[in-house]
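The values are calculated or read from the model by the stated rules, or taken from the named source; none is laboratory data. This is a predicted model, so every value here is computed, not measured. We place every Cβ from the backbone using ideal geometry, glycine too, and count neighbours over all the protein chains shown. Note: areas computed on protein heavy atoms with side chains; ligands, DNA, RNA excluded. Shrake-Rupley method; radii C 1.70, N 1.55, O 1.52, S 1.80 Å.
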Amino acid sequence: MAPTGIGGVCLAFIALCNFVFVFGTGVEFVRFISFRAIYHNNHGVAPQSKEESSREWGESLRDPKVFGPLTQDFFLLLLFVVQHSLLASASVKRWCQAIFGVLQRAFYVFTTSLALQVVIRYWQPVQNAPLLWNASTAPWDTWVPLLCFILHFICWLIIFSIVLIFDYPELMGIKQVYYHCLGLEDPLSLKSPRAQRLYAHLRHPVYLELCVVLWIVPSLSLDRVLLATMLTLYLSCGHSLDNLDYAYLRAQLHNKLDLFTRQEMGGEVSELNGAQTDESRSTFHKAD
């Protein structure tokens, strides 16, 4: 049943405010993962001293200045993992659906963004331990950050493209509110069974790109190792596609390519027909 006018406006306002918050958190996350790792680590942190670079790993990990930030960062990541997994479970989804109704998806992405904000705001870089690698000598201090920037830019472009392909309004919880205001069913229920099966398995469609962004950095510090390791393991656990899902994705890809090919052929036919028309007109005028 479609909500009343005031109820629909309130739901739309909440969904739009949530979208602004989630989108802003996404921008902050890109800055945290890429900009901070490429620019800040190379230009905003004091260079590592010889004493720090020659310290043994055991000695470094026993140092409170290293162990303390690593412990805090670990629990921040654990908070995000627990939130992201707990709210994705079927039982919690049913509970949230009973409480929030059509705003269930919006609530999920809101809490995910909130957890990311906590991670970003309270993350503690480790600056008193040796680096696993550091491109700080010429000419690598110029070319390695540049190469990392290009790779990160390409990966984020692919990630955003895939998110758009996978129905961005539905992922953000806006489409559910829109359909509800029109008195329609949930948009996921209108998709084919194979698409619903894919969405049930496909929690992280940008696994490879995120791994590249996490690991390909000019300087690999201990806190970055912790961040990259935990998120890579979590992405690996969430990647549960099977052969049927891959077959469906291949079929969808072929359909998209088919559609583009037909459009291009249609454009060529239109141009050919237009050229023939122009040629006929010019012949007609010459005959006159």
Point to revise | Distance (nanometres) between label positions extended 7 Å along Cα→Cβ at VAL118 and ASN255 | key: 4.0 nm
Review point. Packing-wise, with mean Cβ within 10 Å as the measure, how do 87-94, 208-215, 229-236 rank, highest first?
Key: 208-215, 229-236, 87-94
Review point. Between TRP133 and VAL212, what length comes free when the chain is fully extended (0.36 nm per residue of separation minus the Cα-Cα distance, one decimal in nm)?
Key: 26.8 nm
Review point. Ranked from the most accessible area to the least, with a 1.4 Å probe and all protein chains present, what is the order of CYS10, CYS96?
Key: CYS10, CYS96
Review point. What do you reckon, how do TYR207, TYR108 stack up by accessible area (1.4 Å probe), largest on top?
Key: TYR207, TYR108
**Study point:** HN-Hα J in Hz across the stretch 166-181 - Karplus 6.51, -1.76, 1.60, θ = phi - 60°, x for Gly and Pro
**Key:** 8, 6, 4, x, 6, 5, 8, x, 7, 5, 4, 5, 4, 5, 5, 5
Check your understanding: Where does each of VAL20, VAL119 land when they are ordered by accessible area, with a 1.4 Å probe and the largest first?
Key -> VAL20, VAL119
Exercise for review: Would you check the accessible area of TRP133, probe 1.4 Å, heavy atoms only, in square angstrom rounded to 10?
Suggested key: 110 Å²
